[in-house]
Amino acid sequence: MDIFIQQTVNAISLGGVYALLALGLAIVFSIVRLINFAHGEIMTVGGYGVFAAITFGMGIPGAIAIGIAFSIMAAVAMERVAFRPMQGASIVSLLITSFAVSEILKVLFQNGISARPKPIPMPLQLSGTWEVGGYTVGVIATISIVITFVALIGLTLFLRRTTTGIAMRAAAEDFAMVRHLGLRAGRVVAAAFALSGLLAGVAAIIWTANRGSVDPLMGFFPVLKAFIATVLGGLGSLSGAVAGGFIVGAIEVFSQAFLPDTLAPYRDAIVLTAVILILLVRPDGLIPPVKTDRS
Amino acid sequence: MSLLEIEALHVRYGPVHALKGVDLSVDAGTISTVLGANGAGKTTLLMAVAGARRWASGDIRFEGQSLAKMAPEDIVQAGIGLCPEGRRVFTALTVAENLQLAGAIQRDAGRAKRLTDEMYGRFPILAERAGQRAGLLSGGEQQMLAVARALMATPRLLLMDEPSLGLAPQMVDTVFSVIKTLREEGITVLLVEQNVPRSLAIADHALVLATGSTAASGPPSSLEGGELVRAAYLTA
């Protein structure tokens, strides 16, 4: 039972990271119709931000602030430099552009910083375990869960209470109509990227705290999982992205914990098979988005 | 000078020549209606004014200023509101959120609030449904919301595309009386409609399009029951 509780905490913690990344992908996709393959690098930039802040002795709060700020700046800069000039391009051209951005950034990290992982010394009290309700669980895993849920609640409030948030929800449904109400298209898009960067920054902090290091490929694999989560949840659907993130995280953790060792190499294959089975039953994803398509 | 002047407007979609040199002057404080069969170019004309369609040649001027290089959001800022075909309310947003979003163009938050109250006074059903998702409203209620949403920008010219389409007869009456009220308040209306008799009954000027060209243009009295209107609908 103890193991099961611990693994559930791990599953929610990992799923939370996937959910945050999947949300960033979904927000940008729902508004710009861009599948941003460079989203992982936004997360990596956040990781290097955490590394820099810790290295310069800024402490944990400083590391959190710098990590998130780096990710937001990376996302906004990416939109300005790479995607805004491609306005009106087909979904395939945008996808290829994002691949290029991703590759360029990875090479820059490898040559400009280091191809090897940079260790991030974490305070000892974070790496241990503590007792919650009689069960022993990891400190970082529990903090991750709290941070994830604070981020999700904050995002929900932002999307419901602020005009920019409402504009983003409206733009996901009918972007052209938002412009016909006099709202600047560029601002809505920039806000979407900034928000996706913020969520990737939160994910980067949780990820680096769990792993204690940052490397040029740090963002690649979690974002790959987040892509699966967005497709599973329904591409462009925000609640779907969250649900998909937690499901992918849960399948991954539980298959690792409870499958016999001989099946361990097939873990990703098992996750993907489960996803394919769900998509066979629900081809538009678990929670498809509201979208009125107009020429 | 007219409020809106459309001059020799040509619009092409690839090989399709949707508008072939259309002229129209809309005077301030009037209702102008654009009639014609499906595919005659009515919506194209309206969406060109709204900034959603680029034109190949000719010009559209609002208060003397060319709209040629203006983005849709700039055109709204300039004073032209759009109540589009199919209403296009944001179905996932509540009625209140639809209006709040439309009010964002007002720099003064107090003014946006006053306008919202004014809309609830004008369309009491929207006040009743304020917290409901717009997707749950009936077609007529959605049309009221689309009009209210466009009015939140306090436009001087309101573009309306088929506002009575698919509505119950009683709702059609309401829509046409709303349009007349707007004119009384000094808002100029450019109206695309399939309900020819009702539109001609309230309009000050009518433009009849047939496959992208002007078939007739003038005050309704010169057109009603006329050969040109019939011709426009039969040649489509």
Every pair of residues 6+ apart whose Cβ atoms lie under 6 Å, when the first sits in region A:147-166 and is farther than 24 Å from A:THR208 by Cβ while the second is crowded, with 16+ Cβ neighbours inside 10 Å and of a type outside the set (Gly, Ala, Ser): A:LEU159/A:ARG169; A:GLY165/A:PHE158; A:GLY165/A:LEU159; A:ILE166/B:GLU97; A:ILE166/B:LEU101
Members of region B:31-58 found to be closer than 13 Å to A:MET177 by Cα and either part of a helix (DSSP H, G or I) or more than 10 Å from chain A (Cβ to nearest Cβ) (or both), listed by number: B:MET47
Any hit, region B:172-189, residues being at pLDDT 95 or above and either under 24 Å from B:LEU19 (Cα atoms) or touching a Phe, Trp or Tyr at 6+ places or on another chain (Cβ under 6 Å) (or both): yes
Test for B:ARG133: is it farther than 24 Å from B:ILE75 by Cα and among the basic types (Lys, Arg): yes
Sole residue being among the hydroxyl-bearing types (Ser, Thr, Tyr), at the interface with chain B (Cβ under 9 Å from one of its Cβ atoms), surrounded by 15 or more Cβ atoms within 10 Å (Cβ to Cβ) and assigned to a helix (DSSP H, G or I), chosen from A:THR148, A:THR164, A:THR142: A:THR164
Search result, residues across region A:183-205 that are in contact with a Gly (Cβ under 9 Å, 6 or more places away or on another chain) and within 14 Å of chain B (Cβ to nearest Cβ): A:ALA191
Scan of region B:13-49 for residues that are surrounded by fewer than 22 Cβ atoms within 10 Å (Cβ to Cβ), of a type in the set (Gly, Ala, Ser) and closer than 15 Å to B:LEU158 by Cβ, ordered by number: B:ALA28, B:GLY29
Region A:30-43, subset at pLDDT 95 or above and in a helix (DSSP H, G or I), residue surrounded by the fewest Cβ atoms within 10 Å (Cβ to Cβ): A:GLY40
Verdict on A:LEU232 being touching a Leu at 6+ places or on another chain (Cβ under 7 Å) and either within 19 Å of A:THR148 (Cα to Cα) or within 14 Å of chain B (Cβ to nearest Cβ) (or both): no
Matching entry among A:PHE246, A:PHE220, A:PHE254, A:PHE158 (being away from every other protein chain (no Cβ under 14 Å), closer than 28 Å to A:ARG84 by Cα and not charged (D, E, K, R)): A:PHE220
Flag for A:ARG179 being of a type in the set (Lys, Arg) and modelled with pLDDT of 95 or more: yes
Qualifying residue in region B:133-142 (condition: under 25 Å from B:ALA203 (Cβ atoms), within 14 Å of another protein chain (Cβ to nearest Cβ) and in a helix (DSSP H, G or I)): yes
Residues (touching a Phe, Trp or Tyr at 6+ places or on another chain (Cβ under 9 Å) and facing another protein chain (nearest Cβ under 9 Å)) located in region B:64-85: B:ILE75
Residue check, B:SER66 small (Gly, Ala, Ser), modelled with pLDDT of 95 or more and touching a strand residue (DSSP E or B) at 6+ places or on another chain (Cβ under 7 Å): yes
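Based on what the data block shows, is A:VAL214 touching a strand residue (DSSP E or B) at 6+ places or on another chain (Cβ under 8 Å) and at pLDDT below 90?
Numbers: touching a strand residue (DSSP E or B) at 6+ places or on another chain (Cβ under 8 Å): yes; at pLDDT below 90: no.
No.
This table checks each residue for (1) out of contact with any Pro (no Cβ under 6 Å at 6 or more places or on another chain); (2) surrounded by 13 or more Cβ atoms within 10 Å (Cβ to Cβ).
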residue	(1), (2)
A:ALA226	yes, yes
A:ALA229	yes, yes
A:GLY234	no, yes
A:ILE247	yes, yes
A:SER255	yes, yes
A:ALA264	yes, no
A:PRO288	yes, yes
Residues within region A:167-182 that are more than 7 Å from chain B (Cβ to nearest Cβ) and either of a type in the set (D, E, K, R) or touching a Ser or Thr at 6+ places or on another chain (Cβ under 6 Å) (or both), tallied: 1
Residue satisfying condition, being more than 14 Å from chain B (Cβ to nearest Cβ), surrounded by fewer than 16 Cβ atoms within 10 Å (Cβ to Cβ) and either closer than 29 Å to A:LEU34 by Cα or modelled with pLDDT of 95 or more (or both), within set A:VAL76, A:VAL92, A:VAL101, A:VAL132: A:VAL92
Qualifying residues in region B:91-118 (those that are surrounded by fewer than 18 Cβ atoms within 10 Å (Cβ to Cβ) and outside any loop (DSSP other than H, G, I, E, B)) - the one nearest to the other protein chains (Cβ to nearest Cβ): B:ALA109
Unique match (being more than 11 Å from chain A (Cβ to nearest Cβ) and either in contact with a Ser or Thr (Cβ under 9 Å, 6 or more places away or on another chain) or surrounded by fewer than 20 Cβ atoms within 10 Å (Cβ to Cβ) (or both)) among B:ARG61, B:ARG88: B:ARG61
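The values are calculated or read from the model by the stated rules, or taken from the named source; none is laboratory data. Model, not experiment: these values are computed from the prediction. Neighbour counts are summed over all protein chains in view; Cβ atoms, including those assigned to glycine, are modelled from backbone coordinates with ideal geometry.
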